[in-house]
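These notes concern the structure reproduced below.
The values are calculated or read from the model by the stated rules, or taken from the named source; none is laboratory data. All values reported here derive from a predicted model rather than from experimental measurement. We place every Cβ from the backbone using ideal geometry, glycine too, and count neighbours over all the protein chains shown. Quick note on the areas: whole protein, heavy atoms, side chains included, nothing else; ligands and nucleic acids left out. Shrake-Rupley method; radii C 1.70, N 1.55, O 1.52, S 1.80 Å.
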Amino acid sequence: MHPCIALPELQAHIFRYLASDSRGQGRSTLAACARISKLFTDSALDILWFELPSLEPFVRSMPDDLWKKDHCGRVSFLRSLSHDDMGRCLTYGRRVRSLRVERQDDPIDDAVYQELFEYFPDTLLFPNLLSLFWTDRDPVYLPLFISPCLRTARISFGVYNTTYSALFSVERLMRVSPHLEAVAFPGPSARRIAAAPEFLPIITSLRDVREFTCFVNSLSSQCLRGLASWPKLRKLTLVGDAESKSSSTWPDFPCDDPPDEILDAPFESLTHLDLTMNGTVPPAVFSQYPLFSNLKSLTINLPDDSEASLVEAWLRDISQYCSPQRMTAVSVNPAYRWQQHLSQVEPQYTLDCSALMPLTSFTQFRMLNITLKCTIILDDALLIELAGCWPKLQRLNIGIQSGSTEEPRVTAKGLVALLKLCPDLAYLGLVFDARTLLHGPYGRPGAGVCNEKITVFDVGNSPIRDPLAVAEFMSDIIPCLREIKTVYRIPLVWSSAAQIQKKLWKEAETLVPLLAKVRGQERSFRVSHNSNSCSQR
């Protein structure tokens, strides 16, 4: 055996490769390596036990006469635990760095958790655990899996657990794991827990949190102040009740009411904000906290039936409170899909193009998504102006979900200009008129404009007449296109007209790669022919 094989770093690299076996035999291969040579044992076991998809491997490492697995796959104990039963499994537990405990896929019987908790109430089963995902399990058993090394915790207690037991477990989590960097409390139960007065002192005791996610009914001014005090907070996700039209997510205090305590630099590190709510952030919040000042990415999830005035209000806040030099991505998405049809003749669901004009100063834009059902009135002139202001744009997705029956004002001219002014564009969602296309010189519809990064084009309900002409056009300007998505809303989705349009777009999708291949061969032949002509001269 070559001496280099004895290096732990090289062994770890080899065993990580074996663990990623696509045939699903990685764990059995690592177990064989751990048994075949003492030289490989430690490195192979470290990789083998690094991540556990459930508690089952840990329980099955105990003596065979202690547990059984029934015909349904459930693992349970046959007798009571003893000190001798835990020797080997605790040795393996020290190697575990990531653990998932999800009730839906968890084969461990509840009595096993209860037995472990009663026998080891103060023992750390996984003392070096770094990441814990806990979903819909009884919070009483959570302290079994807490470690001082924990850096990531995603805890969902389920709707049937009591607030008291959940708060007790959360308090234990924060006390034992004070250096958590990513914390998430998803699910309906988190709304109930976050409303408890004991929740705030527990959470704000942490000082190293970089990412925080929580489902909330509302935020108190004290809770908002606690979040603002985290010096390292980079990403904040707050999921309010978007379906409720009566309650507000944000604290209610007068705009001229100064904060009780002046923070040195509130939200100084916050660069990514994700909000789910029905409404906007009150001006009083902006007057006391620079919530948007340092943002690079903002995601707003609103009800799908939101009126255009709400979207316009958000765009005004973005242009007023965000930094044009920092902001790179804005997304306005539906918190849930509204299955009823919106009448497109109603003006409250029509977003005027002037609402996008304040965003022209954001020259660092990489992404703009507006995927609500509001109709966005966009034409070639405005599209070209916006594209000229966003030269670094990589993703544009606006207006494709509206299902508007109005004639699109964006034409092939605007589409070609967009691709020319935004050469880094990698994803495009845009409704345009595909019935009248350009015919550029020398058989080049795009007049030499070519984007090879876009592989998916979401055209919404763009009208199409001739799929061959569209494929000829697309194969020149977007030669790597492989998928064309369409969206037709109720009640048009099952109409014969919509079915015909979807079929025509499907034909164009099939033809684009074929014509692009032919164009590529012609260009290669032309280049080689010109080179030969020059050499003969």
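Which of the trypsin sites (Lys or Arg not before Pro) found in the stretch 1-64 are loop residues per DSSP with 13 or fewer other Cβ atoms within 10 Å of their Cβ?
Answer in residue order: Arg23.
Just want to confirm a number: the relative contact order over the chain, from Cα pairs under 8 angstrom separated by 6+ residues, in percent.
Relative contact order, the chain: 6 percent.
Could you pull out the longest piece of the chain with no exposed loop GluC sites (Glu not before Pro) in it, calling a site exposed if DSSP puts it outside H, G, I, E, B and it has at most 16 other Cβ atoms within 10 Å?
Within the chain, the longest run free of exposed GluC sites (Glu not before Pro) spans 1-197.
Straight-line reach only, C-alpha to C-alpha below 18 angstrom: list the aspartates and glutamates that Lys296 could link to, leaving out same-chain residues fewer than 8 apart.
Glu211, Glu268, Asp274, Asp317
Run the accessible area of the chain with a 1.4 Å probe and give the carbon-and-sulfur part as a rounded percent.
53
For the stretch 144-198, what's the relative contact order in percent, using C-alpha pairs closer than 8 Å and at least 6 residues apart?
53
Lys and Arg at +1, Asp and Glu at -1: add these up for the other residues within a Cβ distance under 14 Å of Val59 and post the number.
Value of the local net charge: -3.
As a quick test, which of the pairs Lys232/Lys392; Lys235/Lys373; Lys392/Lys420; Lys453/Lys517 have an alpha carbon distance above 22 angstrom in this structure?
Lys232/Lys392; Lys235/Lys373
Taking θ = phi - 60°, what integer Hz values does the Karplus form 6.51 cos²θ - 1.76 cosθ + 1.60 yield along the stretch 65-73, in sequence order, with x for Gly and Pro?
7, 8, 10, 9, 10, 7, 5, 8, x
From the backbone phi of the stretch 295-302, what are the Karplus-calculated ³J(HN,Hα) couplings (6.51 cos²θ - 1.76 cosθ + 1.60, θ = phi - 60°) in whole Hz, Gly and Pro given as x?
Once rounded to whole Hz, the list reads 5, 10, 9, 10, 10, 10, 10, 10.
List every residue whose amide H lies under 5 Å from the amide H of Trp67, counting only residues 5 or more places away in sequence or on a different chain, with H placed 1.01 Å from N in the peptide plane.
Residues meeting the amide H criterion: Leu78.
As a check on your grasp of the helix formula, calculate [θ] at 222 nm for the chain: sum -39500 (n - 2.57) over DSSP H runs of n ≥ 4, divide by the residue count, round to the nearest 500.
For the chain, the value works out to -10500 deg cm²/dmol.
Which whole-Hz couplings ³J(HN,Hα) result when phi for each residue of the stretch 50-58 is put into the Karplus expression 6.51 cos²θ - 1.76 cosθ + 1.60, θ = phi - 60°, listed in order with x for Gly and Pro?
4, 10, 10, x, 6, 7, 4, x, 5
Keeping all protein chains in place, calculate the accessible area per residue for the chain (probe 1.4 angstrom), answer in Å².
For the chain, the per-residue accessible area is 48 Å².
Let me make sure I get this right: for the chain, a, b and c are the square roots of the gyration tensor eigenvalues over alpha carbons, sorted descending. Under 1.5 in a/c it's rounded, otherwise prolate if a/b > b/c, else oblate. Which is it?
Cα axes put the chain in the oblate bin.
How many nm separate the modelled label positions at Glu9 and Asp70, each set 7 Å beyond the Cα in the direction of the Cβ?
Using points 7 Å along Cα→Cβ, the separation is 5.1 nm.
Treat each spin label as a single point 7 Å out from the Cα along the C-beta direction, and report the Asp352 to His179 distance in nm.
Modelled inter-label distance: 5.6 nm.
Taking amide H positions as placed 1.01 Å from N in the peptide plane, with prolines and chain starts having none, which residues 5 or more places from Thr135, or on another chain, fall under 5 Å of its amide H?
Val101, Glu102, Arg103, Ser156
Between Thr363 and Gln222, how high is the FRET efficiency from 1/(1 + (r/R0)^6) when r is the Cβ-Cβ distance and R₀ = 41 Å? Nearest 0.05.
0.60
Can you tell me, using C-alpha contacts under 8 Å and at least 6 residues apart, the relative contact order of the stretch 1-49 as a whole percent?
Across the stretch 1-49, relative contact order equals 35 percent.
For the stretch 61-90, run through the trypsin sites (Lys or Arg not before Pro) and keep only the ones in DSSP coil with at most 15 other Cβ atoms within 10 Å of their Cβ.
Taking the stretch 61-90 and a limit of 15 other Cβ atoms within 10 Å, the loop trypsin sites (Lys or Arg not before Pro) found are Arg74, Arg79.
Relative to the present Cα-Cα distance, how much length would full extension add between Thr41 and Val518 at 0.36 nm per residue of separation?
Residue separation times 0.36 nm, minus the Cα-Cα distance, leaves 166.1 nm.
Given DSSP loops and a limit of at most 12 other Cβ atoms within 10 Å, what is the longest stretch of the chain that contains no such chymotrypsin sites (Phe, Trp or Tyr not before Pro)?
Longest site-free region, per DSSP loop and neighbour criteria: 161-493.
Tell me, what is the FRET efficiency for Arg207 and Phe133 to the nearest 0.05, using R0 = 25 angstrom and their Cβ-Cβ distance as r?
So the FRET efficiency works out to roughly 0.60.
Taking amide H atoms as placed 1.01 Å from N in the peptide plane, list the residues 5 or more away in sequence, or in a different chain, whose amide H sits under 5 Å from that of Asp304.
Ala335, Tyr336, Trp338
For the pair Val456 and Phe286, what calculated FRET efficiency results from E = 1/(1 + (r/R0)^6), where r is the Cβ-Cβ distance and R0 = 30 Å, to the nearest 0.05?
That gives a FRET efficiency of 0.25.
To the nearest 20 debye, what is the magnitude of the charge dipole of the chain about its Cα centre, counting +1 on the Cβ of each Lys and Arg and -1 on the Cβ of each Asp and Glu?
Here the size comes out at about 2040 debye.
How many nm separate the modelled label positions at Ala32 and Ala111, each set 7 Å beyond the Cα in the direction of the Cβ?
Each label point is offset 7 Å from its Cα along the Cβ direction, giving 3.7 nm.
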